[in-house]
Amino acid sequence: MTNNLKTGIYYMLFSSFCFALMGGFAKELSHNMSAIEVVFFRNIFGILFVVATFFTHPLKQKGGKIWLLLFRGFIGFVALLAFFYNIAHISLAEAMTYSRISPIFTAFFAYLFLKEKLSKYGWFAIFLGFIGILFITRPSGILDFNKYDILGIFSGVGAALAYTAVRELRNYYDTRSIVLSFMGIGTLGPIILMIIGHFYAPSSLDWLFDKFVIPKWNDWWFIVFLGITATLAQIYMTKAYAFTKAGVIGAISYSNIIFSIFIGVALGDSFPNLSILFGIFIIIIAGVLVAV
């Protein structure tokens, strides 16, 4: 194994661990505040980091796709909101697995919108992904999905739409501008939703509208760690892709589901039953097929 390959794998494993830790900190914060507020704090920390880089490395881009840039930011924000809401209400492993169906759908959307080729193995992986979802959700009928199933699937599909937009946007914008579109909307959006939630917050839409709650003093530690782990996950994921092939790194990235199982159990989640474990296993296989 070459040094670059080993380094890339180590970086991706560390990134996956940080991503799982971020989910754990989000789960702890959800005991005292809404998912909307957690998303706000997660993104405002990232904005400070990205903007700081502008002073040392000015933006270099040609632009021209402003509506696609805004779409990437909006759909990424709503997907993250659904993801954090599910973290608060179902096991960390299940919430993380739903979010990790995004590479499978990204392959499909890239085929649909960007006319990228999709091999027979890619189509088989998409089929496997759907089978994995059915084992996790265990619906008794075609439309028998609960709220968390729907939001979980949306968190993955929404992220896939965002990543597909990124594949086009990278030809026009600096990577930091693309990230900032997501974090900017992910900071402004929660402010608007929490203002509305102060006057109108129906229980059926509690994932979308809720009141702002002043964090308790010990919550600030979790907020700081949430921001740090989210930033480290992004940095080391980027480093990993720079060191070796994307297929290898994409396959290794599914380790965050394994990390999430153990972190979730440590935080009080029950260990996944056989049906959920089998669904997780199938989705990991499907994701690895797409990556390779």
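The values are calculated or read from the model by the stated rules, or taken from the named source; none is laboratory data. Predicted model only: the values in this text are computed from it and were never measured. Heads up, the Cβs are rebuilt from the backbone with ideal geometry, glycines too, and the neighbour counts pull from every protein chain shown.
Does Ala230 satisfy the condition of being surrounded by 19 or more Cβ atoms within 10 Å (Cβ to Cβ), in contact (Cβ under 8 Å) with a residue 24 or more places away in the chain and within 25 Å of Phe74 (Cα to Cα)? Walk me through it before giving the result.
Details: surrounded by 19 or more Cβ atoms within 10 Å (Cβ to Cβ): yes; in contact (Cβ under 8 Å) with a residue 24 or more places away in the chain: yes; within 25 Å of Phe74 (Cα to Cα): yes.
Considered against the rule, which asks whether it is surrounded by 19 or more Cβ atoms within 10 Å (Cβ to Cβ), in contact (Cβ under 8 Å) with a residue 24 or more places away in the chain and within 25 Å of Phe74 (Cα to Cα), Ala230 comes out as yes.
When region 29-58 is examined, which residues are found to be surrounded by 17 or more Cβ atoms within 10 Å (Cβ to Cβ) and among the small types (Gly, Ala, Ser)? Reasoning before the result, please.
At the first step, the residues of region 29-58 found to be surrounded by 17 or more Cβ atoms within 10 Å (Cβ to Cβ) are 29-30, 33-46, 49-50.
Scanning region 29-58 gives Ser30, Ser34, Ala35, Gly46.
Across region 1-50, which residue is farthest from His89 (Cα to Cα) among those that are within 20 Å of the chain's Cα centre (by Cα) and charged (D, E, K, R)?
Among residues in region 1-50 that are within 20 Å of the chain's Cα centre (by Cα) and charged (D, E, K, R), the one farthest from His89 (Cα to Cα) is Arg42.
Considering only residues that are farther than 16 Å from Val39 by Cα, outside any helix (DSSP H, G or I) and either hydroxyl-bearing (Ser, Thr, Tyr) or in contact with a Phe, Trp or Tyr (Cβ under 9 Å, 6 or more places away or on another chain) (or both), which ones fall in region 194-242?
Result: Tyr200, Ala201, Pro202.
Is there a residue being farther than 23 Å from Asn146 by Cα and either surrounded by fewer than 24 Cβ atoms within 10 Å (Cβ to Cβ) or of a type outside the set (Phe, Trp, Tyr) (or both) anywhere in region 77-92?
So the first thing to find is which residues in region 77-92 are farther than 23 Å from Asn146 by Cα, and the list is none.
Checked against the condition, which is being farther than 23 Å from Asn146 by Cα and either surrounded by fewer than 24 Cβ atoms within 10 Å (Cβ to Cβ) or of a type outside the set (Phe, Trp, Tyr) (or both), region 77-92 yields no hits at all.
Taking the criterion of being farther than 30 Å from Phe209 by Cα, small (Gly, Ala, Ser) and either touching a residue at least 12 places away in the same chain (Cβ under 8 Å) or assigned to a helix (DSSP H, G or I) (or both), would at least one residue in region 22-35 satisfy it? Please lay out each step first, then the result.
Here is the first cut: in region 22-35, the ones farther than 30 Å from Phe209 by Cα are none.
No; the residues of region 22-35 include none that is farther than 30 Å from Phe209 by Cα, small (Gly, Ala, Ser) and either touching a residue at least 12 places away in the same chain (Cβ under 8 Å) or assigned to a helix (DSSP H, G or I) (or both).
When the residues of region 157-181 are narrowed to those that are among the polar types (S, T, N, Q) and part of a helix (DSSP H, G or I), which ends up modelled with the lowest pLDDT?
Thr175
Filter region 142-156 down to the residues that are among the acidic types (Asp, Glu) and at pLDDT 90 or above and list them by number. It would help to see each step written out before you state the result.
To start, the set of residues in region 142-156 that are among the acidic types (Asp, Glu) comprises 144, 149.
Of everything in region 142-156, just one residue is among the acidic types (Asp, Glu) and at pLDDT 90 or above, namely Asp149.
Hey, among the residues in region 109-125 that are of a type in the set (Gly, Ala, Ser) and not in a loop (DSSP other than H, G, I, E, B), which one's nearest to Ile285 (Cα to Cα)?
Ala125
Taking only pairs six or more apart or across chains, which ones have beta-carbon atoms under 9 Å, a first residue in region 109-122 that is surrounded by 15 or more Cβ atoms within 10 Å (Cβ to Cβ), and a second residue that is in a loop (DSSP other than H, G, I, E, B)?
Partner pairs satisfying both residue conditions: Ala110/Glu116; Ala110/Leu118; Tyr111/Lys117; Tyr111/Leu118.
Pairs only if they're at least six apart or on different chains, beta carbon under 6 angstrom, first in region 36-50 and in contact (Cβ under 8 Å) with a residue 24 or more places away in the chain, second outside any helix (DSSP H, G or I) and not β-branched (Val, Ile, Thr); list them, first residue then second.
Once the first residue is in contact (Cβ under 8 Å) with a residue 24 or more places away in the chain and sits in region 36-50, its partners that are outside any helix (DSSP H, G or I) and not β-branched (Val, Ile, Thr) give Ile36/Asp210.
Please specify each residue of region 243-274 satisfying the condition of being modelled with pLDDT under 90 and either of a type in the set (Asp, Glu) or assigned to a helix (DSSP H, G or I) (or both).
Those that are modelled with pLDDT under 90 and either of a type in the set (Asp, Glu) or assigned to a helix (DSSP H, G or I) (or both): Phe243, Ala246, Gly247, Val248, Ile249, Gly250, Ala251, Ile252.
If Phe271 meets every condition in (1) surrounded by fewer than 17 Cβ atoms within 10 Å (Cβ to Cβ); (2) under 21 Å from Ala35 (Cα atoms) apart from one, which number is that one?
So Phe271 meets the others, but not (2).
So, in region 274-288, how many residues would count as being of a type outside the set (A, V, I, L, M, F, W, C), closer than 29 Å to His31 by Cα and buried (at least 19 other Cβ atoms within 10 Å of the Cβ)?
Let us first name the residues in region 274-288 that are of a type outside the set (A, V, I, L, M, F, W, C), namely 275, 279, 287.
Add one more test, that the residue is closer than 29 Å to His31 by Cα, and what stays is 275, 279.
Going one step further and asking which of them are buried (at least 19 other Cβ atoms within 10 Å of the Cβ), we end up with 279.
Looking only at that region, the number is 1.
How about region 195-225: which of its residues are over 23 Å from Lys147 (Cα atoms) and of a type in the set (D, E, K, R)?
If the condition is that a residue be over 23 Å from Lys147 (Cα atoms) and of a type in the set (D, E, K, R), then Lys216, Asp219 are the ones that fit.
For region 39-83, what are the residues that are assigned to a helix (DSSP H, G or I) and of a type in the set (D, E, K, R)?
Restricting attention to region 39-83, the residues satisfying the condition of being assigned to a helix (DSSP H, G or I) are 39-54, 66-83.
The answer is Arg42, Arg72.
Can you report the number of residues in region 95-127 which are over 14 Å from Gly158 (Cα atoms) and out of contact with any Gly (no Cβ under 9 Å at 6 or more places or on another chain)?
The qualifying residues number 15.
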